[in-house]
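For reference, the structure I am asking about is given below.
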Amino acid sequence: MTTTLQTNTHEKARASSTGFTVVINSFDAATRQGLADDPTLTKLIALLPPDSLLSITDNLTTDDAQIVPTAGTIALRLTDKQGDIVGAVFSTPNSKAKPIVIDPTGYGAIVIGEPNKANEVIAFNDLDDGIDVYSYLMSSDKTIIVSPKKTKQCLKKMVQHWSSGSLVTVPMTLDDKGLINLLAGVKAQALVTVAHIVTMLQHDSYEAILADNDTQLINLQDTAYYPEWRDDPQLNEPMIYSDGRFELYHDGLFFVKYNDDDPANITFKSKSFVCSPIEVIAKTRDTSSGTWGRLLQWRDDDGVLHTWSMPLSLLQGDAREYRKELASQGLNITTNPKQRSYLDTYIQNYPIHKRALCVDKLGWHDKQYILPDRAIGSDGKQLIVYQSANSINSTLTQQGELAQWRDNLCKPLAEQSRFAFSIACAFTGQLLELLEYDGGGFHLLGSSSMGKSLSLKVASSVWGNPDRYVKTWRSTDNALEGTASEHNDSFLPLDEISECDPKIVGKTVYMLANGQGKGRSTTTGHNRIAKTWRIIFLSNGEESLQNFMAQAGQKTNAGIEVRVAHIDADAGKRLKTFDSLVLAETSEAQADRIKELSQAYYGSAGIAWLEHITSDKAATTANARQLVSDFMSQYSDLTAQAHRVAKRFAIVSAAGELATQAGITGWQAGQATTAVMICLDNWLDNYGRDGEHEQRQIIEHIKAFIEQHGSSRFQPCHIHTYQDFEPKTNNRAGYHNYDTGEYYFSTSTFDEVCSPFNKSKVLQVLDEAGFLNVTESDRKTCKVPLPFKKNRQRVYAVKGEILSCETTKSTGTAGTTGTTHTQQGLEPVPSVKTPLGQLGQNSSIC
């Protein structure tokens, strides 16, 4: 145990110090080589001048401490600010014994650096902290002092002594509230930082730390001045109100009353707690000088910083609502009703002159990217903050460093097509505004335990804790509207579509992709501005949208399937979602390892991405446009709808490549593009690249109707009477001509057959595909003889060749890795397949 021996009086200390100095100076300095293996002093040796180390070869006894160091003991001088020896640390290299500290004056310190009165002195009570800080500041005019004993009382004595002649700074974090109280009244300053000073110096200079908005310099002689009114140096007086005043201390906001009947002798009367420390940073308003508010900042009991731009209108209603928001984010508010009401006055009347522009939407605003608690990037004009009636508890959390996320998780997944694609999706939302693209979604489709949810978690690790950042389809469309708005210009992962109501999923997909919420009215009857957004969303499920909606009797149309592109989660390599094994010997073990890594490292990549693209928004835009153009040049044969979806894939590819160029992913150039092309080819295999998807849906719809109903709803038209062995046709839809193979649809029932498609569109598609026999081109009808009818009747004549039509293509693109999907156990129907886009009015698809 470290031992500190002190004299009882200052006079005795001074006398003993003189003799002690003579004794210490009688020994020669030790060599560094002799101390190379000493675990206690090794770090300090490299930083100290040679004469600070003394080798003791004989036994030594002092009057103040009966210490008898043996031969080989090292004495390390303790000097005061004038350079005089005031103590020593005795240590024996390679010994298990703890160092012995002799501090005869009571204020001795281990001094690292030049003991110059003009220097700023930085005080610690931990030797390792002092050494580490000096290693970063050794080229500056800073002097480091370390208390010889790790106690706060000893630190206070040391600071009191040194502050008599120098500016002394004591670094601490907000967790050190007890230390602030202990040093209250000392002529020194507390440097309060969000993280430990050693950690912060690893990334920033000492000057940058001082300039950080989150750093606070507290005059310890006047703790009522905490935190500093950094917006206006003149606002260093408490806020006067009624018969008292507000005083902000390190431990809370108080309403203090004084007895000022005698101006010459003002005395303290009462001190009422209002809440834990909270600052008003700025007055906020929008571009039209409306929606005024206050930018508030406080820390919870864990030291986490919270920021909320609160509309002032909340103070004019039920004040409980805004206090609930503050309390839910960790602000401790008194339960006393009268004292609680003081908070309203404090927030509204706080004398702040700084202004900030408030916006009601996250994401891009000019050259800045707005997050719930901060803005990234700067246009040099003004502070922009997000303001809402509710304080958003941001899910943009961080754990671990970027290098850890990149090297351990992201880089090994470079050639895993589904995972690399998902990660690239996470970077895509920020490019939508730059490329003037509305957004849209992707849907990973596959059986249970395929790895679909894991793909979403890995992608979510770009922005925060995957368990919190991944959202669920298990919400109302109104709730998802709010969620989409909070993810504007960003990435939204939605897990398991089967948890959504199949009756609303179609409308919800339209809403998410189109980027606009419902129109609503205010209580006064005026129209409220609808929420808008641009997002890339990544969904998953065991069923396609088409099958899922069919459960509720609804049918998908081309618009939905264009807005959310389906991708098979199975990579086709018999390893489920994986293309290969890179982190484990089995796909199950690899999935477990990826899950562990995504929960260990997250959030750093997203912030690095925002800092990169906001540093030069114009250059990012130009690079993204070129990457999209290069990608699309390899898919020049696509029709309009397929081209629209491919453009979304191209933007994902561009995002992945830009993040790679920024050093975020750790991938090689082109790896993101390869993964995206594999997924696009998979979609094209199922969707088809040579025709409009709605055309295929319509043809498949009419074909399915004929196959499903057959003779039950189509009466043979080669006879005029029913034979006894022939069943009677009930609910007849039309007739079947066995001679020509044509199916005649009655004009009165065809609307029912076409639903949910428009009849005119169906007739147009059938005609252009060559499946319609037309004699009256203006009506697309044909007059034919029918049983029991004297005259020819007008019908829609659909050719029998439609039953052998193959509407699903499986083609690849040169230079990419396509995936082919063939139904197992079924022999293909022999036919001549002609692309839909090449069919004329009288041509045949089969």
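No lab work stands behind these numbers, since they all come straight from the coordinates. It should be emphasised that the depicted structure is a prediction, and the values quoted were computed from it without experimental measurement. Reconstructed Cβ throughout: ideal geometry from the backbone, glycine too, with neighbour counts over all protein chains shown.
If I histogram all Cα-Cα distances within the range 320-369 using bins 10 Å wide from 0, what percent of pairs lands in each bin?
18, 35, 32, 14, 2
Expressed in nm to one decimal, what extension gain is obtained for the pair SER205 and VAL582 from 0.36 nm per residue of sequence separation less their Cα-Cα distance? Show your work: numbers first, answer last.
Details: separation 377, 0.36 × 377 = 135.72 nm, distance 3.96 nm.
That works out to 131.8 nm of additional length.
Roughly how many Å is it from the Cα centre of the range 596-611 to that of the range 403-462, as a whole number?
Answer, in whole Å: 12.
Going by how many other beta carbons lie within 10 Å of each one, how would you line up ASP302, ASP616, ASP767, fewest first?
Starting with the residue having the fewest Cβ neighbours, the order is ASP302, ASP616, ASP767.
Starting with the fewest neighbours, write out LEU610, LEU772 ranked by other beta-carbon atoms found within 10 Å of each beta-carbon.
LEU610, LEU772
Right, another one. Tell me, LEU253, LEU76 in order of fewest to most beta-carbon neighbours within 10 Å?
Neighbour counts put them in this order, fewest first: LEU76, LEU253.
Eigenvalues of the Cα gyration tensor times 5, then square-rooted: what semi-axes does that give for the range 115-222, in whole angstrom, largest first?
19, 16, 14
Quick one: go through the range 452-490 and flag any residue whose amide nitrogen is under 19 Å from the point 7 Å out along the Cα-to-Cβ line of ASP501.
472-484
What pairs from LYS576/LYS617; LYS507/LYS728; LYS283/LYS367 go past 32 Å between their alpha carbons?
Over 32 Å Cα-Cα: LYS576/LYS617; LYS507/LYS728.
Calculate one ³J(HN,Hα) per residue across the range 279-294 by plugging θ = phi - 60° into the Karplus curve 6.51 cos²θ - 1.76 cosθ + 1.60, and present them in order as whole Hz with x for glycine and proline.
In residue order, the calculated couplings are 10, 9, 7, 6, 8, 10, 6, 8, 5, 9, 6, x, 6, 5, x, 10 Hz.
Step through the table entries LYS152/LYS354; LYS142/LYS354; LYS117/LYS150; LYS117/LYS152; LYS503/LYS595, compare each Cα-Cα distance with 30 Å, and write down the pairs that go over it.
In this structure, LYS152/LYS354; LYS142/LYS354; LYS503/LYS595 exceed 30 Å between Cα atoms.
Contact order normalised by length for the range 271-358, with contacts defined as Cα pairs under 8 Å and 6 or more residues apart; what percent is it?
Values: 134 pairs, mean separation 33.9, N = 88.
That works out to 39 percent.
Whole angstrom only: what separates the Cα centroid of the range 666-684 from the Cα centroid of the range 756-782?
40 Å
Let me ask something additional. Computed over the Cα atoms, what is the radius of gyration of the range 239-386 divided by 2.2 N^0.38 Å, N being its residue count?
Scaled against compact globular proteins, the figure is 1.17.
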